[in-house]
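To start, the structure under review is shown below, and the notes come after it.
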Number of protein chains: 2
Amino acid sequence: MNADRNARALLGYLAEPGDPILGALLGMYEAAEVLTMIKTGMLPSVPSGTAREMLSRALDRWRQRMPGLPPEQDLAGNACRQGIRLICPGDPEWPARLDDLDQARPYALWLRGSGDLQFGSGRSVSMVGSRAASGYGVHVAGEMAADLAERGWLIVSGGAYGIDAAAHRGVLLTGGTTIAVLACGVDRPYPAGHDGLFAGIADGGLVISEWPPGSRPTRYRFLVRNRVIAALTMGTVVVEAGRYSGALNTARHAAELARPLMAVPGPVTSVQSEGCHVIIRDWGGTLIRGASDVIDLLAPIGEPAREDLDPDTMRVLDAFPARSGVGTSTLARTTDANIDVVLRSLGRLAATGYIERCAEGWRRTRNGTLSP
Amino acid sequence: MNADRNARALLGYLAEPGDPILGALLGMYEAAEVLTMIKTGMLPSVPSGTAREMLSRALDRWRQRMPGLPPEQDLAGNACRQGIRLICPGDPEWPARLDDLDQARPYALWLRGSGDLQFGSGRSVSMVGSRAASGYGVHVAGEMAADLAERGWLIVSGGAYGIDAAAHRGVLLTGGTTIAVLACGVDRPYPAGHDGLFAGIADGGLVISEWPPGSRPTRYRFLVRNRVIAALTMGTVVVEAGRYSGALNTARHAAELARPLMAVPGPVTSVQSEGCHVIIRDWGGTLIRGASDVIDLLAPIGEPAREDLDPDTMRVLDAFPARSGVGTSTLARTTDANIDVVLRSLGRLAATGYIERCAEGWRRTRNGTLSP
């Protein structure tokens with residue numbers, strides 16, 4: 001297992017995340033086996049001549065990048081010492097939604113911050129838009145993100161200037177958690193002008209990336225990254241986007257993944273709203289006026305069956321008073337459970353909408369109260 | 001026939017336009033017969049007791065308004081001397097679209113202005129919205145109306161402050177024609193502050209009403225009037241509308257008449273766009289960014305089959321040069337037709353999109369050129 005994790009970490013240095021050939025190989029072989037193919041140049045049996053040639057060339061390309069890599073045994077460990085951790089498909093924290101990407105699924109993810117990705121991506125929505133946002137767009141993104149965070153929703157965005165930053169900041173102002181998905185190493189987040197913002201995001205939330213520490217962003221990497229933003233959440237809201245904005249690329253990924261696609265309208269005289277109007281008019285996107293519209297659309301999809309809860313989580317839920325709030329330590333006492341188990345259960349219950357934050361700690365939501 | 005016209009004119013004084021009982025009676029009897037029923041109190045044979053009682057009460061109510069009316073023989077004639085003319089169902093100028101209103105069809109219409117209602121309502125769109133419009137709404141309405149007028153479309157609106165006025169003015173600035181549908185007599189158009197605007201509209205276009213000359217507007221009459229705005233045109237665009245704007249009532253009429261319903265989005269922070277967003281989100285309305293979006297939606301619906309043209313009109317169309325423009329008198333000479341016939345044919349051809357205005361007078365549109 002550790003060999004597989006290390007292999008996945010190494011692969012991110014050798015091949016670009018989102019590489020379709022590597023994605024296909026990882027769909028058929030263990031990561032360590034793929035790494036051996038790269039090292040040895042030993043080809044698996046591939047039927048067609050052309051496919052065999054493409055594969056051979058790809059293995060050569062990746063092998064050429066091997067010299068100068070950090071010692072492979074230490075990759076995850078080194079990162080960990082910098083406060084960065086690696087998660088791989090199959091890990092408890094790996095978000096199942098990413099598996100919808102099939103062969104385009106990330107090989108692995110590098111995480112910085114104290115949030116839990118599995119918890120965080122439960123009731124969640126991506127909020128994206130133009131870097132060159134208008135005052136209107138920044139205002140709407142900030143308000144909507146704050147409203148959603150206060151109602152227990154997690155906001156995922158790309159950490160860029162403009163709409164992304166407004167969304168992240170709106171969440172942070174409410175004391176909520178948010179996730180920034182980067183197109184570069186989480187140790188050198190881009191843009192540098194957002195260093196403070198990324199620190200704020202990592203404190204309670206997460207800054208994540210498919211690219212290993214040290215990677216620089218490129219134009220192409222932003223586009224590849226966008227599929228992860230779309231896949232991580234229940235749906236994507238474009239707050240403002242010009243006709244050629246990268247946010248439309250994220251929106252298209254959301255649509256391809258059959259995630260609800262949403263857009264905020266704006267003045268038809270504003271070029272920054274042109275992309276949003278295309279989404280609503282021509283792509284079947286839903287017009288969004290604020291947080292309530294997002295919740296109306298997404299909440300019914302996310303409603304979990306109580307039977308899907310694991311026994312620990314169900315026990316914690318049953319320990320909740322019907323109406324008042326309760327603190328974590330009280331729950332640990334009443335359920336006689338380890339505090340870590342209680343925290344994980346609380347995360348799951350919040351992520352699936354059974355409970356929400358309150359002054360005393362946590363309380364049942366209306367949904368959590370009505371559940372049988 | 002004249003008796004019928006006079007009867008219809010009189011009925012507008014006795015009953016409120018849009019009265020469902022009078023509408024039902026006019027669906028079964030000639031207007032003159034209905035007038036006789038009112039005068040004599042003689043009931044037609046009605047099966048049910050309740051219906052008979054309602055009908056009797058309605059006839060009584062209408063009869064009580066008979067004293068003090070102008071001499072019935074003179075109604076249309078008097079109006080005509082003030083530059084106001086009466087048109088009735090079946091008249092050449094009566095717009096066939098109004099017949100879609102069934103029993104809610106106007107008894108008659110009073111017209112002021114030099115436009116032709118049959119011509120005018122061919123390629124046409126209603127543009128409505130809030131009185132308390134924002135600068136944004138006024139700007140968009142004016143631009144869109146002007147663009148549509150320049151491309152040969154007729155704009156119908158309600159003559160009110162705000163969006164209505166902006167739409168009418170946008171058309172007039174291009175030298176185009178527009179129609180204002182009022183909820184009061186066309187001799188005392190409301191609001192009085194728009195007297196100059198109404199004079200401008202009547203000069204080339206039309207100011208029309210179901211209410212006879214001298215009638216004052218009421219809150220109720222505006223709502224009744226809205227169905228005529230919706231019925232007269234191929235579709236309705238709401239440019240700006242608060243959540244309780246009368247424009248939403250017009251929009252609802254358009255939807256009930258199965259006319260395409262359109263709305264211009266705006267900032268979600270603007271109460272003046274709330275109604276538009278409801279139309280797009282919840283009523284299935286199409287998001288409109290400008291004139292081109294309106295034409296894209298409506299033009300395919302309005303495309304007439306050449307076989308629908310009458311022989312005179314077809315002869316005038318055939319007399320058009322393939323590419324260059326042509327004047328009215330030239331057409332009269334080449335077709336050897338009366339100038340009135342040519343003018344009427346030109347109106348029909350423009351209304352159905354075969355020809356458009358140009359420096360020389362008229363020229364074929366691309367549609368008119370391609371037609372077999």
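Assorted remarks:
- Residue identified as closer than 21 Å to B:P213 by Cβ and either at pLDDT 90 or above or assigned to a helix (DSSP H, G or I) (or both) among B:R61, B:R52, B:R5, B:R57: B:R5
- Strands (runs of 3 or more DSSP E) within the stretch B:155-263 that include 2 or more residues under 12 Å from the mean Cα position of the chain (by Cα): B:178-182, B:206-209
- Of residues in the stretch A:125-153 being in a loop (DSSP other than H, G, I, E, B) and under 16 Å from A:S270 (Cα atoms), the one nearest to the other protein chains (Cβ to nearest Cβ): A:S134
- Qualifying residue in the stretch A:157-166 (condition: touching a residue at least 40 places away in the same chain (Cβ under 8 Å), surrounded by fewer than 23 Cβ atoms within 10 Å (Cβ to Cβ) and either outside the structural domain of A:D203 (by TED's automatic domain parsing) or at negative phi (or both)): no
- Applying a threshold of 9 Å to beta carbon distances and a minimum spacing of six or more residues, or different chains, the list of pairs starting in the stretch B:93-109 at a residue that is of a type in the set (K, R) and ending at one that is in a strand (DSSP E or B) reads B:R97/B:S124.
- The residues listed here are B:A359, B:A258, B:A263; of these, the one that is aliphatic (A, V, I, L, M) and at pLDDT below 90 is B:A359.
- Test result for B:G347, at pLDDT below 85, more than 14 Å from every other protein chain (Cβ to nearest Cβ), touching a strand residue (DSSP E or B) at 6+ places or on another chain (Cβ under 7 Å) and assigned to a helix (DSSP H, G or I): no
- Just one of the listed residues (A:S273, A:S245) is surrounded by 17 or more Cβ atoms within 10 Å (Cβ to Cβ), at pLDDT below 95 and within 26 Å of B:A291 (Cβ to Cβ), and it is A:S245.
- Taking the stretch B:268-278 as the range and being touching a residue at least 12 places away in the same chain (Cβ under 8 Å) and either more than 28 Å from B:D102 (Cβ to Cβ) or more than 10 Å from chain A (Cβ to nearest Cβ) (or both) as the test, the residues that pass are B:S270, B:V271, B:Q272, B:S273, B:E274, B:G275, B:C276, B:H277.
- When each of A:P106, A:P89 is tested for being modelled with pLDDT of 90 or more, closer than 17 Å to A:A230 by Cα and not in a helix (DSSP H, G or I), the lone residue that passes is A:P106.
- All conditions in (1) surrounded by 24 or more Cβ atoms within 10 Å (Cβ to Cβ); (2) out of contact with any Gly (no Cβ under 6 Å at 6 or more places or on another chain); (3) among the hydrophobic types (A, V, I, L, M, F, W, C); (4) farther than 30 Å from A:S215 by Cα hold for A:A251, with the sole exception of (4).
- Filter result for A:D293 (within 11 Å of chain B (Cβ to nearest Cβ), touching a residue at least 12 places away in the same chain (Cβ under 8 Å) and surrounded by fewer than 24 Cβ atoms within 10 Å (Cβ to Cβ)): yes
The values are calculated or read from the model by the stated rules, or taken from the named source; none is laboratory data. Since the structure is predicted, the reported quantities are computational estimates derived from the model, not experimental observations. Every residue, glycine as well, gets a Cβ built from its backbone with ideal geometry; the counts of neighbours run over all protein chains shown.
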